[in-house]
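The values are calculated or read from the model by the stated rules, or taken from the named source; none is laboratory data. Just so it is clear, the structure is predicted and the values come from calculations on it, not from any experiment. Cβ placement follows ideal geometry from the backbone for every residue including glycine, while neighbour counts extend to all protein chains displayed. The protein model used for the area step is the full one, side chains on, heavy atoms only, and it has no ligands, DNA or RNA in it. Shrake-Rupley method; radii C 1.70, N 1.55, O 1.52, S 1.80 Å.
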Amino acid sequence: MSEKIQAPRGTFDVLPADEAGRSRLLQAGAVLFERAGYGRIETPIFEDTALFARGVGEATDIVSKEMFTFEDRGGRSVTLRPEGTASICRAYVEHGMHKLAQPVKLWYIGPYFRYEAPQAGRYRQFTQIGAEAMGSDSPLVDAEIIGILGDLLAELGVPAVSLRLGSLGSPEARTDYREELKAYLRANESDLSKEVALRIEANPLRAFDAADPGTREVMQNAPTLLERLDGEDAEHFAEVHQLLDAAGVEYEIDPTLVRGLDYYTRTIFEFHCEELGAQSQLGGGGRYDRLVAELGGPETPGVGFAAGVERILLSLGGEPPVPARDAFVAAADDGQRHRASALVAELRNAGLSAETDLAGRSLKGQLKHADRIGARVAIILDADGSAQVRDMSTGEQQPIDPAEVAGKIAPDPEP
Ligand code: AMP
């Protein structure tokens, strides 16, 4: 026998049983986004490598260690997209969206790729659902974006959700602060993990994210960027709080919050599920007021979020619900199988979900299968041309006119 080929490490198949939860999430998201005036956008799954190198930042973990980058047959360097914001900003510039009424509000869902060490909740191909609002620097948009992700998690019933909020200020304030932080890290270098110590110059902010006890202790007394925000940035941040307070959104200000992407300015946030363990971050985002200009477009502020679909589904746990069927059409003997097939087609055309036996089961086996697939009723076609309807929950059976099945078994319209 040939050797079996398996799905690549860190990837997974989405089987029909997993699909119900994913569809529910997609539908809930679509409703919330459309209500708030966000239009759906789809961008290519691979892009010019330079887009992410420039947009996300060369020094980030994502770009330096986690990208699936390869040369295509024409010798161009392309990369499977590791995140959505850079691509959407590219599309904004490419399609001249700055000429539209601002802000331009977009949402998306699709697969993303990062070469990470796989574990529960962390994959090499995963799905993100997200939104971006480009063309306004108003704190109203920050609050709207945060509110939509909060509403989506609430609508889905995600338990133990917490929101962490921070601000990175302007790139200028950040440059001054980075120098101050680097000096602090150098002064405490012997207590830092080797990885953090090696990256003091390239990415000092990541020290706040480190897990090792030595670095964590040093970081407890580190100066924070929140204490160094300038007037306008501090005001912007204060207004975001006021708006969230007014909307009744609960949050915790986290002065040590940093995100793994370079493009953020001002507001940053993360939603966590405290029941998820190590990979507790459900989604996050923030403002990126310089990114569009960095990608060759006009100065355009923006704010957005991305949430991990698989993480959200993990947080919901439990067995996926079995999708119910309206009817199962059973043939009392083999002579009725063509009739059953015709009736199933008629019921489906009438908008009902219906199935019949495709595996040569006995009548008893067919009724057992009807039960297994969650059929509300079974229609049993008898050899003499008559039919009976069986209520699958009570087992009650009565005659039914075969010509009137579709009309008689239609479920009551929902109140
Ligand atoms: P990020 O773009 O890093 O801010 O990620 C946004 C969200 O995507 C995270 O909060 C996770 O829920 C999800 N996510 C990021 N990386 C992965 C991964 N490797 N596997 C599964 N989900 C991920």
_All positions within segment 244-263 that are over 25 Å from Arg216 (Cα atoms) and touching a residue at least 60 places away in the same chain (Cβ under 8 Å)_ = Leu244, Ala247, Val249, Glu250
_I'm trying to understand the selection: among the residues of segment 372-415, which are under 19 Å from Asp333 (Cα atoms), loosely packed, with under 10 Cβ neighbours inside 10 Å and not small (Gly, Ala, Ser)?_
Asp384, Gln398
*Of (1) over 19 Å from Leu153 (Cα atoms); (2) in contact (Cβ under 8 Å) with a residue 60 or more places away in the chain; (3) loosely packed, with under 13 Cβ neighbours inside 10 Å, Arg266 satisfies all except one. Which?*
(3)
*Counted residues, segment 251-297 - those being within 13 Å of the ligand (Cβ to nearest atom) and of a type in the set (S, T, N, Q)*: 3
_Can you tell me which residue is surrounded by the fewest Cβ atoms within 10 Å (Cβ to Cβ) among those in segment 297-309 that are touching a strand residue (DSSP E or B) at 6+ places or on another chain (Cβ under 8 Å) and farther than 17 Å from Gly150 by Cα?_
Pro301
*Out of the residues in segment 276-296 that are surrounded by fewer than 20 Cβ atoms within 10 Å (Cβ to Cβ) and within 18 Å of Leu149 (Cβ to Cβ), state the one that is nearest to the chain's Cα centre (by Cα).*
Gln281
*If you scan segment 77-106, which residues turn out to be surrounded by 12 or more Cβ atoms within 10 Å (Cβ to Cβ) and in a loop (DSSP other than H, G, I, E, B)?*
Arg81, Pro82, Glu83, Gly84, His95, Leu100, Gln102, Pro103
*helices (runs of 4 or more DSSP H) fully within segment 1-75 counting 1 or more residues that are within 16 Å of the ligand (Cβ to nearest atom) and open to solvent by 30 Å² or more (accessible area, probe 1.4 Å)*: 16-35, 61-65
*Determine if segment 140-150 includes at least one residue that is open to solvent by 40 Å² or more (accessible area, probe 1.4 Å) and either under 17 Å from Ile62 (Cβ atoms) or within 21 Å of the chain's Cα centre (by Cα) (or both).*
yes
